[in-house]
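Below: the structure, in structure tokens.
The values are calculated or read from the model by the stated rules, or taken from the named source; none is laboratory data. Quick caveat: nothing in here was measured; it's all calculated off a predicted structure. Here the Cβ is made from the backbone with ideal geometry for all residues, glycine too, and neighbour counts use every protein chain on show.
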Amino acid sequence: MANSITDTISRNSLLYNGVEYTKKVNYFNENAFFKGEEFFTGDVHYTGNLYKQVQLQYDCIDDLVLLKDPLRARRMVLIKEKVDAFTIEGHHFIKLEWLGEKGEFYEQLYKGKRTVLVQWKKNIVRDMTLQERYILVKTIYLLEGKNLTRITKASDLTNLMGDKKRKVQQFYRENNLSFKRDPATATVKLVEKGEVEGW
């Protein structure tokens, strides 16, 4: 279990042993960050400790957690291998360590017998004028053990539920859920209902 660290301002803190973030912040008046260019108050599990009320950003392109150095006007990159989880603006991210070389961060929306996750990514695309810009892409996954299943529509979930499928489909209709309108809420509600029914 992580220890709670309150002295995060000290220059000797383990939190401030990363490297400076030197990537260009703005790209055609847009940026790589989750929730925008500003830092937000959050918590981070780092080197086995819990650091609360620190200023964080999340780079959705390179999958990096950034920290505002309180004593210098600079962004710092937290060492990815040492970050277990973080929370920013009420969004809680966990790291799936077995994915990629250093793990990958996913927002955790629900945790029961199974876990509902969202992967946030900003991709560079060309618009009609061939100008490049960032597009934020949200992809929803169901995690069961180490099996990660991408969810693109409600039936992706209900088809996994066996004999609980019909009852969960009825719940979906009766509660006016819409995967197209709000995929995150629909996925969480369907998984919750399925597990309540014994899935």
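Yes or no: segment 30-43 includes at least one residue that is in contact with a Leu (Cβ under 6 Å, 6 or more places away or on another chain) and modelled with pLDDT under 90. No, that holds for no residue. Selection of segment 31-74 for residues being more than 29 Å from R133 (Cβ to Cβ) and among the polar types (S, T, N, Q) yields T47, N49, Q53. Of the strands (runs of 3 or more DSSP E) that lie entirely inside segment 74-127, those containing 2 or more residues that are of a type in the set (D, E, K, R) span 104-111, 115-126. C60 meets the conditions (1) touching a residue at least 60 places away in the same chain (Cβ under 8 Å); (2) closer than 25 Å to E30 by Cβ; (3) surrounded by fewer than 17 Cβ atoms within 10 Å (Cβ to Cβ) in every case but one. The failed one is (3). Taking the numbered list (1) surrounded by 11 or more Cβ atoms within 10 Å (Cβ to Cβ); (2) not in a strand (DSSP E or B) in turn, L143 passes all entries but (2). Here is the figure for segment 156-188: residues that are under 13 Å from L142 (Cβ atoms) and part of a helix (DSSP H, G or I) total 8. Given the structure, is V196 exposed (fewer than 14 other Cβ atoms within 10 Å of the Cβ), of a type in the set (V, I, T) and over 20 Å from I61 (Cβ atoms)? Yes; evaluated as a whole, the condition is true for this residue. Being more than 21 Å from F34 (Cα to Cα) and acidic (D, E) narrows it down to one residue among E144, E97; which is it? Answer to the check: E144. Here L71 fulfils each of the conditions (1) over 17 Å from the mean Cα position of the chain (by Cα); (2) within 15 Å of F93 (Cα to Cα) apart from (2).
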